[in-house]
1. Which residue pairs have Cβ atoms under 6 Å apart, sit 6 or more places apart or on different chains, and have a first residue in region 204-226 that is in a helix (DSSP H, G or I) and a second that is modelled with pLDDT of 65 or more and surrounded by 13 or more Cβ atoms within 10 Å (Cβ to Cβ)?
2. Looking at THR135, is it of a type in the set (Val, Ile, Thr), farther than 22 Å from PRO36 by Cβ, in contact (Cβ under 8 Å) with a residue 40 or more places away in the chain and not in a loop (DSSP other than H, G, I, E, B)?
3. Checking the conditions here, which among GLU72, GLU94 is charged (D, E, K, R) and in contact with a helix residue (DSSP H, G or I) (Cβ under 6 Å, 6 or more places away or on another chain)?
4. Kindly provide the set of residues from region 49-68 that are within 18 Å of the chain's Cα centre (by Cα), open to solvent by less than 30 Å² (accessible area, probe 1.4 Å) and closer than 18 Å to ALA112 by Cβ, ordered by number.
5. Would you confirm whether any residue within region 64-77 is without any contact (Cβ under 8 Å) to a residue 24 or more places away in the chain and either of a type in the set (Phe, Trp, Tyr) or in contact with a strand residue (DSSP E or B) (Cβ under 6 Å, 6 or more places away or on another chain) (or both)?
Amino acid sequence: MDWQAWHDTYDVPDSWMARRLRAVQDRIREALDTAPPGPLRVVSVCAGQGRDLVDVLADHPRRDDVAARLVELDPGNTAFAGESAREAGLIQVEVVTGDASLTDHYLDLAPADLVLVCGVFGNIVDADIERTIDTCTRLCRTGGTVVWTRNRHAPDRVPLVCDWFEERGFERLWLSDPDAGFGVGAHRFTDETGEGGELTAGQRMFEFVGYDVLKAARAGGRAAGS
């Protein structure tokens with residue numbers, strides 16, 4: 001999969017990806033608008049080209065309050081994100097080329113006020129989705145927000161993702177309509193379950209498989225069972 005070329009569809013105004021990006025950006029704006037005064041910490045897992053966060057921060061009133069780290073494995077995408085941040089004058093936005101599944105990248109910013117897990121859940125197996133949501137209880141501060149995405153292709157895992165968040169003390173703030181053509185959610189961590197705690201070094205949240213590989217595996221499984 002060419003993950004740089006994949007981002008090109010964002011530039012097609014009414015594509016599902018452009019509409020999903022706008023939905024994510026709206027959730028980011030809401031999280032920043034409602035965050036308490038003072039410094040804010042943001043982490044983005046598998047940040048891609050950083051269009052969701054960087055484009056919002058560029059003209060947001062809280063831009064100078066935000067210290068952010070975007071972690072992405074593809075060096076072409078991190079180069080794009082870094083250049084976008086520099087052009088916007090976002091000197092407190094750090095772009096890291098590395099394995100976004102490793103907790104080590106987030107230790108000094110956790111627990112964060114805003115955690116972005118966009119473009120992840122559709123590319124990993126169910127057990128790793130649940131493990132990543134578990135980790136979000138330590139990535140996200142009490143009162144902070146997680147914004148996440150997941151496609152709604154069969155099997156539709158969006159309801160299950162919501163359940164997993166809510167079982168761990170997250171309150172649903174917003175969920176895209178089932179017929180939107182994509183899944184975007186925002187959950188606030190209330191920590192009512194007491195499952196929060198300190199993020200641990202050396203942990204891996206997930207293995208990034210790729211939706212194309214997962215789709216092919218599902219198709220092969222159906223063919224084998226037919």
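The values are calculated or read from the model by the stated rules, or taken from the named source; none is laboratory data. The shown structure was predicted, so the numbers you read here are calculated from the model rather than taken from an experiment. Glycine also receives a Cβ, built like all others from the backbone with ideal geometry; neighbour counts cover every protein chain displayed. These accessible areas exclude ligands, DNA and RNA; they are computed on the full protein's heavy atoms, side chains included. Shrake-Rupley method; radii C 1.70, N 1.55, O 1.52, S 1.80 Å.
1. Within 6 Å, the pairs are TYR211/GLY122; TYR211/ASN123.
2. Values: of a type in the set (Val, Ile, Thr): yes; farther than 22 Å from PRO36 by Cβ: yes; in contact (Cβ under 8 Å) with a residue 40 or more places away in the chain: yes; not in a loop (DSSP other than H, G, I, E, B): yes.
Considered against the rule, which asks whether it is of a type in the set (Val, Ile, Thr), farther than 22 Å from PRO36 by Cβ, in contact (Cβ under 8 Å) with a residue 40 or more places away in the chain and not in a loop (DSSP other than H, G, I, E, B), THR135 comes out as yes.
3. Details: GLU94 fails: in contact with a helix residue (DSSP H, G or I) (Cβ under 6 Å, 6 or more places away or on another chain).
Exactly one residue qualifies, and that residue is GLU72.
4. So the first thing to find is which residues in region 49-68 are within 18 Å of the chain's Cα centre (by Cα), and the list is 49-57, 66-68.
Right, trim to open to solvent by less than 30 Å² (accessible area, probe 1.4 Å) and you get 49-50, 52-54, 56-57, 66, 68.
If the condition is that a residue be within 18 Å of the chain's Cα centre (by Cα), open to solvent by less than 30 Å² (accessible area, probe 1.4 Å) and closer than 18 Å to ALA112 by Cβ, then GLY50, ASP52, LEU53, VAL54, VAL56, LEU57, VAL66, ALA68 are the ones that fit.
5. So in region 64-77, the residues without any contact (Cβ under 8 Å) to a residue 24 or more places away in the chain come out as 75.
Right, trim to either of a type in the set (Phe, Trp, Tyr) or in contact with a strand residue (DSSP E or B) (Cβ under 6 Å, 6 or more places away or on another chain) (or both) and you get 75.
Looking for residues that are without any contact (Cβ under 8 Å) to a residue 24 or more places away in the chain and either of a type in the set (Phe, Trp, Tyr) or in contact with a strand residue (DSSP E or B) (Cβ under 6 Å, 6 or more places away or on another chain) (or both), one finds at least one in region 64-77, hence yes.
Quick grid of which residues meet (1) basic (Lys, Arg); (2) farther than 21 Å from VAL66 by Cβ:
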position	(1), (2)
PHE80	no, no
LEU114	no, no
ALA127	no, yes
ARG157	yes, yes
ARG168	yes, yes
LEU175	no, yes
